1. Among the residues of segment 1-56, which ones are over 30 Å from LEU107 (Cβ atoms) and either of a type in the set (Ser, Thr, Tyr) or in contact with a Cys (Cβ under 8 Å, 6 or more places away or on another chain) (or both)?
2. Within segment 118-158, take every residue that is among the polar types (S, T, N, Q) and open to solvent by less than 50 Å² (accessible area, probe 1.4 Å) and give me the one that is farthest from ASP77 (Cα to Cα).
3. If I filter segment 22-38 for residues that are touching a residue at least 40 places away in the same chain (Cβ under 8 Å) and out of contact with any Leu (no Cβ under 6 Å at 6 or more places or on another chain), do I get at least one hit?
4. Restricting to segment 111-130, count the residues that are of a type in the set (A, V, I, L, M), in contact with a Gly (Cβ under 8 Å, 6 or more places away or on another chain) and closer than 19 Å to ILE70 by Cβ.
5. Can TYR49 be described as modelled with pLDDT under 85 and among the aromatic types (Phe, Trp, Tyr)?
6. Residues LYS85, LYS23, LYS62: which one is open to solvent by 90 Å² or more (accessible area, probe 1.4 Å), out of contact with any strand residue (DSSP E or B) (no Cβ under 6 Å at 6 or more places or on another chain), within 29 Å of SER121 (Cα to Cα) and not in a strand (DSSP E or B)?
7. I want to confirm something. Restricting to segment 106-117 and keeping residues that are assigned to a helix (DSSP H, G or I) and in contact (Cβ under 8 Å) with a residue 12 or more places away in the chain, which single residue is surrounded by the most Cβ atoms within 10 Å (Cβ to Cβ)?
8. The conditions are (1) at negative phi; (2) out of contact with any helix residue (DSSP H, G or I) (no Cβ under 9 Å at 6 or more places or on another chain); (3) outside any helix (DSSP H, G or I), and ILE120 fails exactly one of them. Which is it?
Amino acid sequence: MTKVSYLTAEGLKKLKDELDYLKNVERPKISQQIAEARDKGDLSENAEYDAAKEAQGLLELKIAKLEDLIANAKIMDKSDVDVSKVMVMSTVKLKNLKTKQVVSYTLVSESEADLKKGKISINSPIGQGLVGKKVGEKVAIKVPAGILEFEILEISVE
């Protein structure tokens, strides 16, 4: 069963642009490499041919995954976000109860996650630990480094 991916309009456009690039630039480039390697003769001992065929297989797999992701995408609009609880596209202000540090994260789909921009995947341990929680709740989230305890200070939409 395929899983629905919640994306922003910008995130979907980025995926479509990447798919277009892979199909219209990378695919012809690899086909050309295969043709050139094939022209060199004996395919049984042709490392260039084997490498190009392997690259083609990996490219086709990536294209298929992107097509599936796009086909099962649901565009989320900011007006769809319920700020009474944490969900995809929510921006959550958290206080680390151990360090007293305050951080903000926006929960997004895996393909849009970018920690440098404060966007974390809804499927990450922190993302999963926050979903459905409300302002004022304290949560303990198991991450690879141990257990992090947060208090939810604010939920908004940016």
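The values are calculated or read from the model by the stated rules, or taken from the named source; none is laboratory data. Since the model is a prediction, treat every value here as computed from it, not as a measurement. Cβ atoms come from the backbone with ideal geometry, glycine included; neighbour counts cover every protein chain shown. Ligands, DNA and RNA are excluded from the accessible area calculation, which covers all protein heavy atoms including side chains. Shrake-Rupley method; radii C 1.70, N 1.55, O 1.52, S 1.80 Å.
1. Correct list: SER31, SER44, TYR49.
2. This residue is SER124.
3. For segment 22-38, residues touching a residue at least 40 places away in the same chain (Cβ under 8 Å) and out of contact with any Leu (no Cβ under 6 Å at 6 or more places or on another chain): present.
4. Residues flagged as of a type in the set (A, V, I, L, M), in contact with a Gly (Cβ under 8 Å, 6 or more places away or on another chain) and closer than 19 Å to ILE70 by Cβ within segment 111-130 amount to 0.
5. yes
6. On the way: LYS85 fails: open to solvent by 90 Å² or more (accessible area, probe 1.4 Å); LYS23 fails: open to solvent by 90 Å² or more (accessible area, probe 1.4 Å).
Being open to solvent by 90 Å² or more (accessible area, probe 1.4 Å), out of contact with any strand residue (DSSP E or B) (no Cβ under 6 Å at 6 or more places or on another chain), within 29 Å of SER121 (Cα to Cα) and not in a strand (DSSP E or B) holds for just one of LYS85, LYS23, LYS62, which is LYS62.
7. My answer is GLU112.
8. All conditions are met except number (2).
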